[in-house]
Amino acid sequence: MLDHDLKPSAIVAYLDQYVIGQEDAKKIVAVAVYSHYRQIARLRAAGVPIVKTNILLVGSSGTGKTLLCETLARGLGVPFVTAEATSLAQTRYVNEEIDGVLQRLVDRADGDIAKAQNGIIFIDEIDKLKTVGAQARGTSGESVQHALLKMMEGASVKFGRGEFLDTTNVLFICGGAFVGLDEIMTQTHGYGFITTTMDESQRILDRLNTRIKPTDLFTFGLIPEFTGRLPVIARFQDLSRDALVRIMTEPKNSIYGQFREIFKSEGVELVVERRVFEQLAELAIEYKTGARSLRGLFEELLTPILYVVPDSRDIERVTYSSLFNDPTITRRTPTP
Ligand SMILES: Nc1ncnc2c1ncn2[C@@H]1O[C@H](COP(=O)(O)OP(=O)(O)OP(=O)(O)O)[C@@H](O)[C@H]1O
Ligand SMILES: [Mg+2]
């Protein structure tokens with residue numbers, strides 16, 4: 001737990017144990033969380049109005065946005081809930097849905113409102129709320145954005161049976177894939193000045209041009225008031241083959257680690273060579289679902305062996321060296 005050591009570097013070190021890559025996003029989130037929980041208390045003591053540092057995470061599906069939020073909340077030991085923006089938009093009663101989200105946050109805090117007021121609310125698929133003409137059913141994305149504004153800014157919000165929850169200290173993290181944002185950015189990012197050296201100017205240009213501006217989000221379809229409440233924007237990169245291999249093998253609760261334990265409990269050593277993880281990663285890239293399909297692919301690979309292992313007590317080790325070959329099975333020599 002990070003409870004008493006909230007320094008950004010400590011937050012990143014904790015996240016590193018579970019979330020692979022996404023170094024920029026981790027740092028941005030860590031700094032925002034630090035200012036959120038630490039500085040807010042100080043500013044409030046000084047009577048300075050609080051500026052909330054809600055965060056927007058932009059990145060393709062399966063790149064770790066939800067995972068990062070969950071891990072963060074667990075590390076901080078604060079209650080955490082996820083809400084899907086799409087399901088907020090599918091109902092005619094947005095405020096009731098929001099009410100339900102706050103109720104779940106309080107439930108996660110075991111009914112302790114003070115604790116819930118320091119929690120994290122993750123609103124996923126925020127990009128689906130973009131403004132597009134009138135919608136046939138449910139509530140339009142734009143009115144959902146309006147409905148969320150007050151709560152995100154920090155207000156005393158009524159929920160349940162007349163109880164109030166002050167959202168001033170609730171950290172809101174919004175996430176979305178924002179398909180099409182890159183095209184918007186290439187159209188609007190026209191920085192082309194020259195500084196002292198070509199090298200340096202290229203670096204500055206790269207930085208400015210990969211930075212998402214509030215106006216880009218506006219062009220995409222988020223209303224200005226809404227983007228204004230998301231001052232911190234972190235980008236998630238698409239996962240490379242190498243990152244996918246690391247995801248299967250490195251985190252504390254990695255897929256490989258989990259299955260090695262399962263085999264161990266059957267008295268069998270499981271060995272999967274790097275080549276196999278690379279092949280699985282290539283399939284996952286093909287599927288375009290980020291890291292999401294890795295577990296399914298890995299399970300599929302092991303199923304035939306998991307089927308026979310309980311019946312064959314003499315199996316000592318199972319070694320996979322390629323997706324396209326059967327594994328090598330080493331058997332114990334029977335004791336005479
Ligand atoms: N960077 C990462 N490090 C470790 N595991 C990851 C990473 N990214 C994704 N995963 C794995 O893939 C699963 C799906 O990731 P996650 O739910 O965080 O995706 P997401 O970015 O929220 O996608 P979506 O936009 O579809 O909601 C996670 O449960 C985790 O197992
Ligand atoms: Mg998600």
Checklist (1) among the hydrophobic types (A, V, I, L, M, F, W, C); (2) free of Cβ contacts under 8 Å to residues at least 60 places away in the same chain; (3) farther than 30 Å from residue 216 by Cα; (4) crowded, with 18+ Cβ neighbours inside 10 Å applied to residue 247, failing item: (2)
Qualifying residues in region 54-82 (those that are away from ligand 1 (no atom under 12 Å from the Cβ) and small (Gly, Ala, Ser)) - the one farthest from residue 106 (Cα to Cα): 75
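When the residues of region 206-244 are filtered to those that are of a type in the set (D, E, K, R) and within 16 Å of ligand 1 (Cβ to nearest atom), which remaining residue is surrounded by the most Cβ atoms within 10 Å (Cβ to Cβ)?
Quick first cut of region 206-244, residues of a type in the set (D, E, K, R) only: 206-207, 211, 213, 216, 225, 229, 235, 238, 241-242.
Checking the rest, the ones that are also within 16 Å of ligand 1 (Cβ to nearest atom) come to 235, 238, 241-242.
Working: 235: 18, 238: 14, 241: 15, 242: 13.
Per the stated criteria, the residue is 235.
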Tally of residues being open to solvent by less than 80 Å² (accessible area, probe 1.4 Å) and on the phi < 0 side of the Ramachandran plot across region 286-302: 10
Tabulated pairs, region 166-180, first among the hydroxyl-bearing types (Ser, Thr, Tyr), second within 16 Å of ligand 2 (Cβ to nearest atom), C-beta under 9 angstrom, 6+ apart or interchain: 167/121
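The values are calculated or read from the model by the stated rules, or taken from the named source; none is laboratory data. These numbers come from a predicted model, not from an experiment. Please note: Cβ atoms are built from the backbone with ideal geometry, for glycine as well, and neighbour counts cover all protein chains shown. In case anyone asks, the SASA skips ligands and DNA or RNA and just uses the protein heavy atoms, side chains included. Shrake-Rupley method; radii C 1.70, N 1.55, O 1.52, S 1.80 Å.
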